[in-house]
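Report on the structure given below.
The values are calculated or read from the model by the stated rules, or taken from the named source; none is laboratory data. Bear in mind the structure is a predicted one, so any value in this text is a computation, not a measurement. Glycine also receives a Cβ, built like all others from the backbone with ideal geometry; neighbour counts cover every protein chain displayed. Side chains are part of the model used for accessible areas, which takes the heavy atoms of the whole protein and leaves out ligands, DNA and RNA. Shrake-Rupley method; radii C 1.70, N 1.55, O 1.52, S 1.80 Å.
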Amino acid sequence: MTHASTLARPSTAAEPDSAAQDHAQSPPAAGMAAALGLFLAARLLSAAAVALVARATTGRNPFGLLGRSWDSLWYLGIAAHGYVPTPHLRPGVFSDLAFFPLYPALVRAVHTLTPLGGGAAGLLVSWTAAAVAACGIYAVGARLHGRAVAVALVLLWGLLPHSVVLSMAYTEPVLTAFAAWSLYAVLTGRWLWAGTLAALAGLARPNGVAVAAAVLAAAAYEMGRCLRERRRVSHRLWTGAALAPAGWAAYVLWVGHRTGNLFGGYFQVQRLWGSRFDFGEGALKFVRHLLLQGDRLVFPMTMVIVAAAVVLYALLIADRAPLLLLVYSGVLLLIVLGGSGYFESKPRFLLPAFPLLLPLARALARTARARPRHATVVVGALAGLSFGYGAYLVVLAHMPL
């Protein structure tokens, strides 16, 4: 089994901070209850804000808005009826093959085993996955920087402007849950768990490939260490690395087989949805449109969030974060920056990139120790933005999330 310190930093010259040394003798679960409690409180308040705005403005059922909006309807359709046969892919036809299978499979299982309807089953899966993800994020943060930073990391993730998606019947909570625990498994040298969880993440969403990329990068780094030190490479390491991309690759190849184009079929489906990787050309054109002509609130807010993510990634690099987290966050960010399609959905695609919040979490933890009132004001402001903007997105924006 690999010791965590071999993967903790991309440079062996880096030393862990004092908080990380302090936590080494305590299990990650020591402060997990506090972090989970804060996260659940944030999600409940966010759902309450959606309910209040919905009742006051449209009179619509908030659970219907959270459980049956936009992509949720596609996932619920797959859960109920499976993938609809699409023998001929052509422009103007949206195929449900663009949606990965793990989430609808979980929804179908919950619907079969409980009296819940499709929408309620979808919400139960998402809410449970969001809680599991919060625990995994805490575990990663505590492993690297101690309990205070880990709690701040979970709280910040729960208060992101687009965190309302974590309360909806969407797949981001499922991906983040598998991703966080896969990353933690690598940090603790559990390669079989890391590969298995990465494979499941790859079945959850297209950008789940970022988890596989991170595990493979960490495995390659560790194999190189073993070769340099003339140590035997564990079979668990080889197996975990081989498992990591299996889920994503299996679904992409299955779609290719089903459409008659083994290696290109899935990407053809995505292109018909207007989603493709064009090295940022489409995104830059849309940003130009925003700057020159202006648009509704969602688009400028999206541009600000994506720009902030780029800055946070630069800070993550400057902080000499673990190679594992740099690769994971970097691939997610690359997909967002380089992909065309629904510009307003880019912040949602960044929700699984929780390591980007580590620099902010460390700063918030320091502020909470030195100036607790200032930290309270910051958290209150973030909560107000998150709850208000989330309610606007779900109830009033009438735009795909």
Criterion violated by residue 353 - all others in (1) modelled with pLDDT of 95 or more; (2) under 22 Å from residue 49 (Cβ atoms) satisfied: (2)
Residues within region 145-171 that are among the aromatic types (Phe, Trp, Tyr) and assigned to a helix (DSSP H, G or I), tallied: 1
Pair list, Cβ under 9 Å, 6 or more apart: region 221-250 residue touching a residue at least 12 places away in the same chain (Cβ under 8 Å) and over 16 Å from residue 196 (Cβ atoms), other residue in a helix (DSSP H, G or I) and among the hydroxyl-bearing types (Ser, Thr, Tyr): 221/6; 222/6; 225/6
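For residue 318, indicate whether it is open to solvent by 40 Å² or more (accessible area, probe 1.4 Å), under 22 Å from residue 164 (Cβ atoms), of a type outside the set (Val, Ile, Thr) and modelled with pLDDT of 95 or more. Explain how you work it out, then say what you get.
Values: open to solvent by 40 Å² or more (accessible area, probe 1.4 Å): yes; under 22 Å from residue 164 (Cβ atoms): no; of a type outside the set (Val, Ile, Thr): yes; modelled with pLDDT of 95 or more: yes.
No; evaluated as a whole, the condition is false for this residue.
For region 324-375, name all the residues that are among the basic types (Lys, Arg) and within 29 Å of residue 400 (Cα to Cα).
If we filter region 324-375 for residues that are among the basic types (Lys, Arg), which is where we start, we get 346, 348, 362, 366, 369, 371, 373.
346, 348, listed by residue number.
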Qualifying position, being open to solvent by 40 Å² or more (accessible area, probe 1.4 Å) and under 28 Å from residue 372 (Cα atoms), among 143, 108: 143
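Could you identify the single residue in 384, 388 that is touching a residue at least 24 places away in the same chain (Cβ under 8 Å), surrounded by fewer than 19 Cβ atoms within 10 Å (Cβ to Cβ) and more than 22 Å from residue 147 (Cβ to Cβ)? Break it down into steps so the answer makes sense when it comes.
Numbers: 384 fails: touching a residue at least 24 places away in the same chain (Cβ under 8 Å).
Of the residues listed, the single one that is touching a residue at least 24 places away in the same chain (Cβ under 8 Å), surrounded by fewer than 19 Cβ atoms within 10 Å (Cβ to Cβ) and more than 22 Å from residue 147 (Cβ to Cβ) is 388.
Do any helices (runs of 4 or more DSSP H) entirely within region 172-278 hold 1 or more residues that are at pLDDT 90 or above and touching a strand residue (DSSP E or B) at 6+ places or on another chain (Cβ under 6 Å), and if so, which? First the steps, then the outcome.
Details: elements: 172-187, 191-202, 209-228, 235-243, 246-259, 265-272.
Those helices (runs of 4 or more DSSP H) do not exist here; none qualify.
Conditions tested, residue by residue: (1) polar (S, T, N, Q); (2) touching a strand residue (DSSP E or B) at 6+ places or on another chain (Cβ under 7 Å); (3) modelled with pLDDT of 95 or more; (4) under 30 Å from residue 68 (Cα atoms).
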{"residue": "361", "(1), (2), (3), (4)": "no, no, yes, no"}
{"residue": "367", "(1), (2), (3), (4)": "yes, no, yes, no"}
{"residue": "377", "(1), (2), (3), (4)": "no, no, yes, no"}
{"residue": "382", "(1), (2), (3), (4)": "no, no, yes, yes"}
{"residue": "388", "(1), (2), (3), (4)": "no, no, no, yes"}
{"residue": "391", "(1), (2), (3), (4)": "no, no, no, yes"}
{"residue": "396", "(1), (2), (3), (4)": "no, no, no, yes"}
{"residue": "400", "(1), (2), (3), (4)": "no, no, no, yes"}
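Among the helices (runs of 4 or more DSSP H) lying completely within region 32-144, list those that include at least 1 residues that are charged (D, E, K, R).
Numbers: elements: 32-57, 62-67, 71-81, 102-113.
The qualifying helices (runs of 4 or more DSSP H) are 32-57, 71-81, 102-113.
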